[in-house]
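For reference, the structure discussed in these notes is given below.
Here, each number is a calculation from the coordinates, and none is a lab measurement. For clarity, every value in this text was computed on a predicted model and none was experimentally measured. All Cβ positions, glycine included, derive from the backbone under ideal geometry; neighbour counts span all protein chains shown.
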Amino acid sequence: MANCNIQSHNVTESPFLQQIFDAKYTVNKTLRKSANGVIYAATDNFTNEQLVLKQIAKRPDDIFKNRLSMEIQLHEAASRACPDNIAEFYEYYERNQSSIANYVIAMERPKNSIDIFQFVSRFGRMSPLHGQWVMAQLVQTALKLKEAGVCHHDIKDENILVSLTDFKVKLIDFGCAKVQSNLPQKRFCGTELFFPPEFFRLKRYFQDRVTVWQLGCVMFIVLVGKLPFTTKDDVVRNLWIANRPELRTIHPCAADLISQMLHPDQIKRIRLEDIFCHPFWFIKF
């Protein structure tokens, strides 16, 4: 397993940096709010580049500082490992406004892109050809992140931007990312509807199998046009997804791969390294 060489990444207060931030960026609008912070569309006043600012409310505890430091380092490591498919990390600041302290991370905002949730809401499911291309990029990105020692932990439709011109994807939001490990994990950070069933049943999981599960959820959304599970109980019960009638509306090879990625038994779930061996990728749509 690759080592991403996580070291101490001090997040320090600096009035001077705050002045630089206020001069450099103009916030245009709120894009969305999440458990990990508020996302804004912004403009770099010096280059006129459109970018994203993620604002994270400051807390005084060391656990928070370590978590923020981890997010910054893992996002940087991911950007280096997958420059084509990770929204580039630019810089971060501490900013105090109206007696409220926040950390702000500046990152790339890909042009003419929306997240997959917005895409499906607006246009419906993707064509088989576009869906195949989108998923190929995501699987390749997950493999590269693993090599770099990074596990994203929150791969979902809202964290994947897709270009409306060429369907190139960018993975965003490393607020739940962790250093890649082969050991069983107990604490989970992510989105409940994208948690695998073993977390609810056993309270332990393996990172690789979570990644495969989340990729399977995204593939279902991309090709079927809806969430595979809508409640935690749906995930826990997880009636064998191969029997879901929605899968009869897509190519049998695509349905089979989704079924293997969303296998309720994590031991029987297809391995991340084996996904590209599936015949789905050899179909010419």
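Considering only lysines 8 or more places apart in sequence, or on different chains, count the pairs in the range 113-282 whose C-alpha atoms sit under 13 Å apart. Working shown, then result.
Details: 146/178; 156/170; 156/226; 178/186; 186/203.
The number of close lysine pairs in the range 113-282 is 5.
Using the beta-carbon distance between residue 246 and residue 91 and R0 = 51 Å, what value does 1/(1 + (r/R0)^6) give for FRET efficiency, to the nearest 0.05?
Numbers: r = 43 Å, r/R0 = 0.84.
Between residue 246 and residue 91 the formula returns 0.75.
Using the membrane-span-like helix rule (whole DSSP H runs, Cα extent along the own axis of at least 24 Å, mean Kyte-Doolittle hydropathy at least 0.5), which helices of the chain qualify?
207-224
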Non-local amide H neighbours of residue 49 (under 5 Å, H modeled in plane, Pro and chain starts lacking H): which ones?
44
If amide H atoms are modeled at 1.01 Å from N in the peptide plane, then the residues at a separation of 5 or more from residue 229, or on another chain, having amide H under 5 Å from its own are none
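Going by a ≥ b ≥ c, the root eigenvalues of the Cα gyration tensor, does the range 113-282 fall in the rounded group (a/c under 1.5), the prolate group (a/b larger than b/c) or the oblate group?
Values: a/c = 1.43, a/b = 1.18, b/c = 1.21.
It comes out rounded by the Cα gyration axes.
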Whole-angstrom gap from the range 230-280 to the range 102-177, using each part's C-alpha centre
20 Å
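Calculate, in nm to one decimal, what residue 181 and residue 201 gain on full extension: separation in residues at 0.36 nm each, minus their alpha carbon distance.
On the way: separation 20, 0.36 × 20 = 7.20 nm, distance 2.08 nm.
Stretched out fully, the residue 181 to residue 201 stretch lengthens by 5.1 nm.
Just subtract the alpha-carbon distance of residue 158 and residue 80 from 0.36 nm times their residue separation and send over the number in nm, one decimal.
On the way: separation 78, 0.36 × 78 = 28.08 nm, distance 2.22 nm.
Result for the pair: 25.9 nm of gain on full extension.
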Give, as a single signed number, the net charge of other residues whose beta carbon lies under 13 Å from the beta carbon of residue 81, with Lys and Arg counted +1 and Asp and Glu -1.
-1
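Once you list every other residue whose beta carbon is under 15 Å from the beta carbon of residue 255, what net charge do they have if Lys and Arg are +1 and Asp and Glu are -1?
It works out to a net charge of +2.
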Given 0.36 nm per residue, what is the gain on full extension from residue 28 to residue 44 after removing their alpha carbon distance, in nm?
4.7 nm
Two-decimal log10 I(q)/I(0) for the range 153-248, as the Debye equation yields it once each C-alpha is a single scatterer, q = 0.10, 0.13, 0.15, 0.22 Å⁻¹
-0.29, -0.48, -0.63, -1.22
